[in-house]
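Participant: Below: one structure in structure tokens.
The values are calculated or read from the model by the stated rules, or taken from the named source; none is laboratory data. Just so you know, these numbers come straight off a predicted model, no measurement behind them. When we count neighbours, we look across all protein chains shown, and the Cβ atoms used for this are built from the backbone with ideal geometry, even at glycine. Note: accessible area is taken over every heavy atom of the protein model, side chains too, but ligands, DNA and RNA are not part of it. Shrake-Rupley method; radii C 1.70, N 1.55, O 1.52, S 1.80 Å.
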Amino acid sequence: MLSALSAAGVVWVFRATDEAVAAVGVARPVRYGEIIPAEALREVQVRPDPGVRPLPWDRRFDVVGRTSPTDLQPGEIVTPDVVSDAAAVPGAGQQLIGVPVKPGQLPAAPLQPRQPILLVPAGAEAWPPVRGAVISVSDRDATSTQVVDVVVPEANGVGLASRASAGGVAIVVLPKDR
């Protein structure tokens, strides 16, 4: 009798923890450094697992409007790590600047988030190159200009922003391991 009750208890516990819960899933890609829009998220049903901590669906607005700390791909489950402020862009000692570029001021190959780059003079003015990292890249506008959002050391942000607004910055892509 005791073993039958014990087996029934195990089955009840298994079924109680096997119920799917509503969690936040990714509906469309969001690149590292982009703001997470509501339409990039969707409700998914997941079964509890000790190795996965999904963000409950009723907390989805904790994520909306935040900067993505990583690339989010459709089908993934959002975890509470995405909500943390530790992934703020720019980080301490950095500044985020927009670099408008036309064809010829950057490689034709698509730039990737977190790609290390070197910002160099694009005109007659000479200044030392500055290392940075790509955060995001806009689509080309009617004048073929793209804006590349980059993080750079805080000491270089203001000068680079001024040079970039005048079209005086070109982008050199560095290997990811540098």
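Participant: Roughly to the nearest percent, how much of the accessible area of the chain is carbon and sulfur, given a 1.4 Å probe?
Facilitator: Looking at the chain in its full context, I get 57 percent from C and S.
Participant: Sticking with this one: Between Val172 and Val64, what is the spin-label point distance in nm, taking each point 7 Å from the Cα along the Cα→C-beta axis?
Facilitator: In this crude spin-label approximation the distance works out to 4.4 nm.
Participant: Another one. By how many degrees, between 0 and 90 and to the nearest 10, does the Cα long axis of helix 154-165 differ from the longest principal axis of the chain?
Facilitator: For helix 154-165, the angle is close to 60 degrees.
Participant: How far is helix 2-17 tilted off the main Cα axis of the chain, in degrees rounded to 10, range 0 to 90?
Facilitator: Tilt relative to the chain: about 30 degrees.
Participant: Using only the heavy atoms of the protein chains and a 1.4 Å probe, how would Thr143, Thr79 rank by accessible area, largest first?
Facilitator: Thr143, Thr79
Participant: Using the Karplus equation 6.51 cos²θ - 1.76 cosθ + 1.60 (θ = phi - 60°), what ³J(HN,Hα) coupling, rounded to whole Hz, does each residue of region 100-109 give in order, writing x for Gly and Pro?
Facilitator: x, 9, 10, x, x, 9, 7, x, 6, 5
Participant: With each pseudo-label sitting 7 Å past Cα toward Cβ, what's the Ala124-Val46 distance in nm, one decimal?
Facilitator: 5.8 nm
Participant: Toward the positive end of the charge dipole of region 39-134, about the Cα centre and with charges on Cβ (Lys, Arg +1; Asp, Glu -1), which of Gln115, Pro80, Ala40 goes farthest?
Facilitator: Gln115
Participant: Next question, about the same structure. Just grab the label-to-label distance for Asp141 and Arg28, each label 7 Å out from Cα along the Cβ direction, in nm (one decimal).
Facilitator: 2.2 nm
Participant: While we're looking at this one, here's another question. Accessible area per residue for the chain in Å², computed with a 1.4 Å probe and the full protein assembly in place, what is it?
Facilitator: Using a 1.4 Å probe on heavy atoms only, each residue of the chain averages 58 Å².
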